[in-house]
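> One structure, as structure tokens, below. Some questions next.
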Amino acid sequence: MAGDIILETRGLTKEFKGFVAVNKVDLKVRRGTIHALIGPNGAGKTTFFNLLTKFLPPTAGQILYDGEDITTEKPAQTARRGIIRSFQISAVFPHLTLLENVRIGLQRSMGNSFHFWKSEAVLGTLDAKAMALLESVDLGAFARTVTVELPYGRKRALEIATTLAMEPELMLLDEPTAGMGHEDVDRVKALIRKVSAGRTILMVEHNMSVVSGISDTITVLQRGAVLAEGPYAEVSKDPGVMEAYMGTAH
Amino acid sequence: MDNRTRVLYVALLVAGLAAPAVVYPIFLMKALCFALFASAFNLLVGFTGLLSFGHAMFLGTAGYICGHAVKVMGFPTEAGILAGVAVSALLGYLVGSLAIRRQGIYFAMITLAFSQMLYFIYLQAPFTGGEDGLQSIPRGKFLGLVNLEDDIAMYYFTFAIVLFGFWTIYRTVHSPFGQVLKAIRENEARALSLGYDVDKYKLLAFVLSAALSGLAGATKALVFKFETLTDVHWHMSGEVVLMTLLGGMGTILGPTVGAFIVVTLQNYLSALEGWVNVITGVIFIICVLAFRRGVVGEIAAFLKKA
Ligand SMILES: Nc1ncnc2c1ncn2[C@@H]1O[C@H](COP(=O)(O)OP(=O)(O)OP(=O)(O)O)[C@@H](O)[C@H]1O
Ligand SMILES: [Mg+2]
């Protein structure tokens with residue numbers, strides 16, 4: 001079961017009323033690596049993530065996880081396999097505290113999520129673990145803060161802490177540094193590298209310094225199809241990629 | 001719960017116990033039943049983020065079932081109430097299963113459609129008494145001992161039931177389940193991506209809300225000793241939205257405050273007949289524009305700042 005390839009797509013395709021957003025994508029993500037998915041705006045990166053996490057049904061093709069076909073699973077089922085995504089726009093629970101946010105990630109495995117007759121005090125047993133996760137992303141000091149009050153960069157860090165609470169095997173990060181200042185970008189970059197230990201990361205990222213710095217493999221998507229694939233040094237010299245990135249490359 | 005809140009709850013409890021000495025018990029019981037109904041509704045709209053526009057069906061169904069059970073089938077009072085609650089819960093399960101797959105306005109439309117359908121069924125069905133309603137429902141005896149035909153006894157019986165209903169809602173909101181509901185309300189896609197089958201959580205919230213609305217409806221039928229189509233009419237579904245928004249959606253006490261305001265207005269303005277609706281409508285518009293968080297929501301926000 002624990003083969004080299006954790007995630008594979010075969011001919012994965014998504015059409016929106018005749019418009020092909022994802023076009024016969026064959027992708028293999030190797031276990032334990034950081035794999036970046038890049039491409040111009042509208043290339044189909046987020047749609048591809050939506051297919052992987054079952055937020056959208058594919059028009060054609062297959063998704064295999066650990067060699068098992070999971071194409072027709074429901075989103076929550078896939079999440080429980082350990083494939084946890086983040087979103088392009090920050091995805092926190094704004095009116096819960098940071099601690100409560102992380103606890104939502106931890107709570108499901110406790111098996112009491114339907115218990116409406118119990119006091120929420122029983123969730124207190126998760127606090128220590130939640131605190132440790134918050135510490136790991138430098139947010140320990142804000143545990144009791146209501147999340148809306150946090151600056152954007154910190155919200156993204158919180159999201160990573162919540163995602164980690166699920167002990168994901170495969171983390172899908174959609175533009176984790178989008179809209180951040182330099183300092184935050186560096187912090188999140190270091191954080192991704194840190195949390196990649198023992199797990200696999202597939203991330204969409206526009207910031208080339210992040211992509212070149214931490215990813216093992218890069219797949220370039222253009223108009224829904226794979227344009228190039230390989231390590232940064234190789235991909236960045238690809239003439240097709242250079243053309244596609246004219247003006248947007250750093 | 002902080003100390004200030006605890007003191008407030010104790011004060012309200014004492015006020016509730018003493019109230020029938022000062023205020024007409026039937027009026028109090030009516031307000032309490034609506035307070036429970038609005039609180040049950042709020043569990044769904046305020047704490048889960050689902051706006052139902054057909055909640056009258058749960059109020060009315062339980063009223064008819066309870067009334068029919070005690071009057072025609074000779075059920076003891078408690079069993080009649082339980083029967084009403086059970087049928088409303090079941091109805092909640094059926095309607096909920098179909099409605100929660102839809103979002104926002106579509107969800108509201110489906111609940112409205114079901115309640116309209118039930119309205120016409122109840123209009124035709126023989127056991128409801130049609131336009132005349134189900135009359136002279138006996139209140140029976142509590143545990144076969146205390147005669148509930150006495151308004152004061154009935155008041156304390158109602159008070160206990162409504163307190164139980166409130167406690168259930170409070171527990172639910174502050175439970176592990178309630179925590180997940182809040183997460184779903186805040187960011188449904190994220191909750192889904194964390195492995196929660198959000199539809200199942202919404203369905204349980206819907207069933208709980210329907211059952212508690214049924215508890216209010218069954219009790220109300222016994223209080224008034226009759227049940228009519230008014231309770232399943234869409235006006236009633238609108239009224240509960242009004243009470244909840246007026247008092248403060250998503251607050252624990254808001255719907256109760258809203259229910260008392262609306263019932264009081266209806267009581268004092270009843271001489272004005274049709275104008276009651278116009279006046280409550282105007283008050284509603286003013287409140288929505290001026291205090292968006294509702295009466296309780298605004299007070300809470302003010303205290304937080306102070
Ligand atoms: N639900 C939808 N219905 C119709 N078209 C859609 C839908 N979702 C995405 N698209 C289209 O599919 C294409 C790919 O969109 P997608 O969001 O996947 O791009 P992206 O690579 O994530 O872009 P960005 O870098 O801007 O985030 C776009 O042209 C978009 O307009
Ligand atoms: Mg995108």
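The values are calculated or read from the model by the stated rules, or taken from the named source; none is laboratory data. Not measured: the values here are computed from a predicted model. Backbone-built Cβ (ideal geometry, glycine too); neighbour counts: all protein chains shown.
> For A:Asp127, only one of the following conditions fails: (1) away from ligand 1 (no atom under 16 Å from the Cβ); (2) outside any helix (DSSP H, G or I). What is its number?
Against the list (1) away from ligand 1 (no atom under 16 Å from the Cβ); (2) outside any helix (DSSP H, G or I), A:Asp127 comes up short only on (2).
> Scan the range A:219-230 and give yes if some residue there is more than 16 Å from ligand 2 (Cβ to nearest atom) and within 14 Å of chain B (Cβ to nearest Cβ), otherwise no.
no
> Only one of (1) at pLDDT 90 or above; (2) within 16 Å of ligand 1 (Cβ to nearest atom); (3) part of a loop (DSSP other than H, G, I, E, B) fails for A:Arg144. Which number is that?
Of everything listed in (1) at pLDDT 90 or above; (2) within 16 Å of ligand 1 (Cβ to nearest atom); (3) part of a loop (DSSP other than H, G, I, E, B), A:Arg144 misses just condition (2).
> Okay, moving on. May I ask you to say which residue of A:Leu172, A:Leu164 is within 22 Å of A:Pro94 (Cα to Cα), within 16 Å of ligand 2 (Cβ to nearest atom), within 14 Å of chain B (Cβ to nearest Cβ) and at pLDDT 85 or above?
A:Leu172
> Evaluate the following for A:Leu134: is it at pLDDT 90 or above, under 20 Å from the mean Cα position of the chain (by Cα), in a helix (DSSP H, G or I) and more than 14 Å from chain B (Cβ to nearest Cβ)?
Here the answer is yes, as A:Leu134 does meet what is asked.
> Regarding the range A:30-40, can at least one residue be identified that is over 22 Å from A:Asp216 (Cα atoms), of a type in the set (A, V, I, L, M) and in contact (Cβ under 8 Å) with a residue 12 or more places away in the chain?
No.
Every residue, every condition in (1) within 16 Å of ligand 1 (Cβ to nearest atom); (2) surrounded by fewer than 19 Cβ atoms within 10 Å (Cβ to Cβ); (3) within 20 Å of A:Ile83 (Cα to Cα), yes or no:
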{"position": "A:Leu12", "(1), (2), (3)": "yes, no, yes"}
{"position": "A:Glu15", "(1), (2), (3)": "yes, yes, no"}
{"position": "A:Ala21", "(1), (2), (3)": "yes, no, no"}
{"position": "A:Val25", "(1), (2), (3)": "yes, no, yes"}
{"position": "A:Thr33", "(1), (2), (3)": "no, yes, yes"}
{"position": "A:Ile38", "(1), (2), (3)": "yes, no, yes"}
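> Say whether the condition of being touching a strand residue (DSSP E or B) at 6+ places or on another chain (Cβ under 8 Å), within 13 Å of chain B (Cβ to nearest Cβ) and aromatic (Phe, Trp, Tyr) is met by at least one residue in the range A:34-51.
Yes, because at least one residue in the range A:34-51 is touching a strand residue (DSSP E or B) at 6+ places or on another chain (Cβ under 8 Å), within 13 Å of chain B (Cβ to nearest Cβ) and aromatic (Phe, Trp, Tyr).
> If A:Asn50 satisfies all but one of (1) touching a residue at least 40 places away in the same chain (Cβ under 8 Å); (2) within 14 Å of ligand 2 (Cβ to nearest atom), what's the number of the condition it fails?
Here A:Asn50 meets the rest and fails (1).
> Same structure, new question: Need the failing condition index for A:Thr145 against (1) loosely packed, with under 14 Cβ neighbours inside 10 Å; (2) away from chain B (no Cβ under 12 Å), just the number.
(1)
> Here are A:Arg85, A:Arg103, A:Arg80: which of them is under 20 Å from A:Arg156 (Cβ atoms), of a type in the set (Lys, Arg) and more than 16 Å from ligand 1 (Cβ to nearest atom)?
A:Arg103
> Any chance you could count how many residues in the range A:83-113 are part of a loop (DSSP other than H, G, I, E, B) and modelled with pLDDT under 90?
Matching residues across the range A:83-113 total 9.
> Let me confirm something: among A:Phe55, A:Phe49, which residue is surrounded by fewer than 21 Cβ atoms within 10 Å (Cβ to Cβ), within 25 Å of A:His206 (Cα to Cα) and within 16 Å of ligand 1 (Cβ to nearest atom)?
Just one listed residue meets the conditions, A:Phe55.
> Counting only residues that are of a type in the set (Gly, Ala, Ser) and under 16 Å from the mean Cα position of the chain (by Cα), how many does the range A:40-59 have?
1
> Quick one: in the range A:90-119, of everything that is more than 7 Å from chain B (Cβ to nearest Cβ), of a type in the set (Ser, Thr, Tyr) and surrounded by fewer than 20 Cβ atoms within 10 Å (Cβ to Cβ), which residue is farthest from B:Ala191 (Cα to Cα)?
A:Thr97
> Filter the range B:81-107 for residues that are small (Gly, Ala, Ser) and either crowded, with 20+ Cβ neighbours inside 10 Å or assigned to a loop (DSSP other than H, G, I, E, B) (or both) and give the result.
B:Ala83, B:Gly84, B:Ser88, B:Ala89, B:Gly92, B:Gly96, B:Ala99, listed by residue number.
> Something else now. Considering only the range B:144-247, give the helices (runs of 4 or more DSSP H) lying wholly within it that have at least 1 residues that are within 14 Å of chain A (Cβ to nearest Cβ) and not charged (D, E, K, R).
In the range B:144-247, the matching helices (runs of 4 or more DSSP H) lie at B:151-173, B:176-186, B:188-193, B:198-224.
> While we're here: Restricting to the range A:68-81, name every residue that is aliphatic (A, V, I, L, M), in a loop (DSSP other than H, G, I, E, B) and at the interface with chain B (Cβ under 10 Å from one of its Cβ atoms).
none
> While we're here: Only one of these conditions is not met by A:Ser196: (1) within 14 Å of chain B (Cβ to nearest Cβ); (2) within 27 Å of A:Tyr65 (Cβ to Cβ). Which number is it?
Answer for A:Ser196: the failing condition is (1).
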